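*Asks:* To start, I am sharing the structure in question, which I have written as structure tokens.
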Amino acid sequence: MQFRAAEDGDTVALAHMWHKGWHEGHAAHVPAALVALRTVAEFEGRTASHLAQTTVMELDGQIAGFHMLEGDEIYQFYVGAGFRGTGAAKTLMRHAEAALAGRLAWLACAVGNARAARFYEKSGWQQAATFDYHVETASGAMTVSCWRYEKHLPPES
């Protein structure tokens, strides 16, 4: 696996991965109004606006996944469907954690997204709280009930 900063030319591919992964993991656990807003076009706009915070993971020239960091938060974390079960998610998580070394890092997971929660817990993240997370949409912020996961990441040696 190789890592690199996201580039403008990645926007469409990342947006499609994010759109598909988001709907698989979140659509059953968030308000229907939010699901209706989460179109490919919306994800393309959100991806473009967050490119500077995005790291792409590639395998043999194919985008296998990406993460977006915002302060101490792993803001977005997705692995392409064809790379699931290969260890790619574990590798991507290690990369995100290394970028946040020396901090109390956190991430939000929609309440009910058991698959993601299991992965975070296997990766050593602790569920710290349930809270109302304000998510961005083209129509303004919406509230989603989320589990807050935290992990104290030691400084890199």
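The values are calculated or read from the model by the stated rules, or taken from the named source; none is laboratory data. Bear in mind that the values here come from a model prediction, so they are computed numbers and not experimental data. Virtual Cβ from ideal backbone geometry, glycine too; neighbours counted across all protein chains shown. Quick note on the areas: whole protein, heavy atoms, side chains included, nothing else; ligands and nucleic acids left out. Shrake-Rupley method; radii C 1.70, N 1.55, O 1.52, S 1.80 Å.
*Asks:* Could you pull out the residue among HIS67, HIS29 that is in contact with a strand residue (DSSP E or B) (Cβ under 6 Å, 6 or more places away or on another chain) and open to solvent by 20 Å² or more (accessible area, probe 1.4 Å)?
*Replies:* Residue meeting the stated conditions: HIS29.
*Asks:* Here's a follow-up. When the range 3-23 is examined, which residues are found to be open to solvent by 40 Å² or more (accessible area, probe 1.4 Å) and within 13 Å of the chain's Cα centre (by Cα)?
*Replies:* If the condition is that a residue be open to solvent by 40 Å² or more (accessible area, probe 1.4 Å) and within 13 Å of the chain's Cα centre (by Cα), then HIS19, LYS20, HIS23 are the ones that fit.
*Asks:* If you don't mind, another one. Hey, any hits in the range 85-93 for a residue that's open to solvent by 50 Å² or more (accessible area, probe 1.4 Å), under 23 Å from LYS151 (Cβ atoms) and either touching a His at 6+ places or on another chain (Cβ under 6 Å) or of a type in the set (Ser, Thr, Tyr) (or both)?
*Replies:* yes
Quick grid of which residues meet (1) in contact with a Ser or Thr (Cβ under 7 Å, 6 or more places away or on another chain); (2) open to solvent by 50 Å² or more (accessible area, probe 1.4 Å):
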| position | (1), (2) |
| --- | --- |
| VAL56 | no, no |
| GLY71 | no, yes |
| VAL79 | no, no |
| GLY82 | no, yes |
| ASP132 | yes, yes |
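*Asks:* May I ask you to list pairs of residues, at least six apart or on different chains, whose Cβ atoms are under 6 Å apart, with the first in the range 23-39 being farther than 16 Å from ALA141 by Cα and the second being in a helix (DSSP H, G or I)?
*Replies:* Filtered contacts from the range 23-39: GLY25/ALA116; ALA27/VAL35.
*Asks:* Here is a follow-up. Which pairs do you get when a residue that is among the aromatic types (Phe, Trp, Tyr), found in the range 129-154, comes within reach of a residue that is assigned to a loop (DSSP other than H, G, I, E, B) and open to solvent by less than 70 Å² (accessible area, probe 1.4 Å), reach meaning Cβ atoms under 8 angstrom, with the pair 6+ apart or on two chains?
*Replies:* TRP147/VAL111; TYR149/TRP125
*Asks:* Additional query: Being farther than 18 Å from GLN2 by Cβ and assigned to a helix (DSSP H, G or I) is the filter here; which residues of the range 62-113 pass it?
*Replies:* ALA81
*Asks:* Of all residues in the range 97-148, which are within 20 Å of ASP72 (Cβ to Cβ) and among the charged types (D, E, K, R)?
*Replies:* Of everything in the range 97-148, those that are within 20 Å of ASP72 (Cβ to Cβ) and among the charged types (D, E, K, R) turn out to be GLU97, ARG103, GLU121, ASP132, GLU136, ARG148.
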